[in-house]
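Q: Input: one structure, supplied below.
A short reminder: the numbers here are calculations on the coordinates, not readings from a lab. Since we're looking at a predicted model, the values are computed, not measured. Backbone-built Cβ (ideal geometry, glycine too); neighbour counts: all protein chains shown.
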Amino acid sequence: RPYGLVVTADSSFTISAGIDGGQPWRRCYGENITYTDWQRNNFWAAVVSVTGKQAVIGYEADYLTLAQQDRLHTCLEPSNLADLAPASMRQRMLKSEAEIALIRAGAEIADIGGYAIRAAIKDQARELDIAMAGRDAMELAIAERFP
């Protein structure tokens, strides 16, 4: 199911599928529109409810399938399109010291989980028990590092 973020001059709206149990709605910054897939193109109807037709639309071309691009043109009738993918990717590459520290901490915690999994692998061990060993080790490491 498609998801989107519509950014206007004064607000932002995530567009999310209702099947996700409200997760995007509870976790997003700004507004959220939850759509159902009971009718074809409800995602695009939700987008149009925010943008209107014949607006300038920025999108990331590397994430838009040809089928969705056709729907974008049909449903939104944009006055202009701008591929924001190159600028978005450059922006994603810039990290603050805090982001770098968090990424490093996450990698270290993942290593702890990996080592616990390796230690739990034994003849006749259940996959569930092996997975739980990794999860338990990571949960403990997260609790210690981020109390």
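Q: What's the magnitude of the charge dipole for the chain around its Cα centre, counting Lys and Arg as +1 and Asp and Glu as -1 at the beta-carbon? Answer in Debye, nearest 20. Kindly include the intermediate steps, with their values, before the conclusion.
A: Working: 15 positive and 19 negative charges, 25 e Å.
In debye, rounded to 20, the chain gives about 120.
Q: Sticking with this structure for a sec: List the trypsin sites (Lys or Arg not before Pro) within region 99-143 that DSSP assigns to loop and that have no more than 12 neighbouring Cβ atoms inside 10 Å. Could the numbers behind the result be given before it?
A: Details: sites: Arg104, Arg118, Lys122, Arg126, Arg135; in loops: Lys122, Arg126.
For trypsin sites (Lys or Arg not before Pro) across region 99-143 that sit outside H, G, I, E and B with at most 12 neighbouring Cβ atoms in 10 Å, the list reads Lys122, Arg126.
Q: Now, a different point. Among the trypsin sites (Lys or Arg not before Pro) in region 1-99, which ones are in a DSSP loop with at most 15 other Cβ atoms within 10 Å of the Cβ? Mind listing them?
A: Details: sites: Arg26, Arg27, Arg40, Lys53, Arg71, Arg90, Arg92, Lys95; in loops: Arg40, Lys53, Lys95.
Here the sparse-neighbourhood loop sites are Arg40, Lys53, Lys95.
Q: How large is the translational diffusion coefficient of region 1-87 in µm² per second when you combine the Kirkwood radius over alpha carbon pairs with Stokes-Einstein at 37 °C and 0.692 mPa s? Intermediate results must be reported in sequence, preceding the final value.
A: Numbers: Rh = 13.4 Å.
Answer, rounded: 245 µm²/s.
Q: If contacts are Cα pairs under 8 angstrom and at least 6 residues apart, what is the relative contact order of the chain in percent? Don't skip to the answer; put the middle values down first.
A: Values: 155 pairs, mean separation 19.8, N = 147.
Relative contact order for the chain comes out at 13 percent.
Q: Before rounding to the nearest 500, sum -39500 (n - 2.57) across all DSSP H runs of length at least 4 in the chain and divide by the residue total; then give [θ] at 222 nm in deg cm²/dmol. Write out the running numbers ahead of the final one.
A: Values: 6 runs with 78 residues, N = 147.
Per the formula, -17000 deg cm²/dmol.
Q: Mind giving me the FRET efficiency for Asn41 and Asp10? R0 is 22 Å, r the Cβ-Cβ distance, nearest 0.05 is fine. Write out the running numbers ahead of the final one.
A: On the way: r = 26 Å, r/R0 = 1.20.
Given R0 = 22 Å and the Cβ-Cβ separation, E is 0.25.
Q: Output the antiparallel fraction of DSSP beta bridges having both residues in region 4-92, as a percent to the nearest 5.
A: Working: 4 of 13 bridges.
Approximately 30 percent, going by the DSSP bridge assignments.
Q: Here's something else I'd like to know. Count neighbours as other Cβ atoms within 10 Å of each site's Cβ, and list the chymotrypsin sites (Phe, Trp or Tyr not before Pro) in region 1-96 that are DSSP loop with at most 11 such neighbours. Write out the running numbers ahead of the final one.
A: Values: sites: Tyr3, Phe13, Trp25, Tyr29, Tyr35, Trp38, Phe43, Trp44, Tyr59, Tyr63; in loops: Tyr3, Tyr29, Trp38.
Sites meeting the loop and neighbour criteria: Tyr29, Trp38.
Q: A further question follows. Set Lys and Arg Cβ to +1 and Asp and Glu Cβ to -1, take the dipole of region 1-111 about its Cα centre, and tell me which of Leu94, Tyr63, Thr74 lies farthest positive.
A: My answer, from the dipole projection, is Thr74.
Q: Of the labelled options (1) 15.4, 44; (2) 21.1, 63; (3) 22.0, 68, which one gives Rg and Dmax of the Cα atoms in Å as computed for this structure?
A: Label (2) holds the value from this structure.
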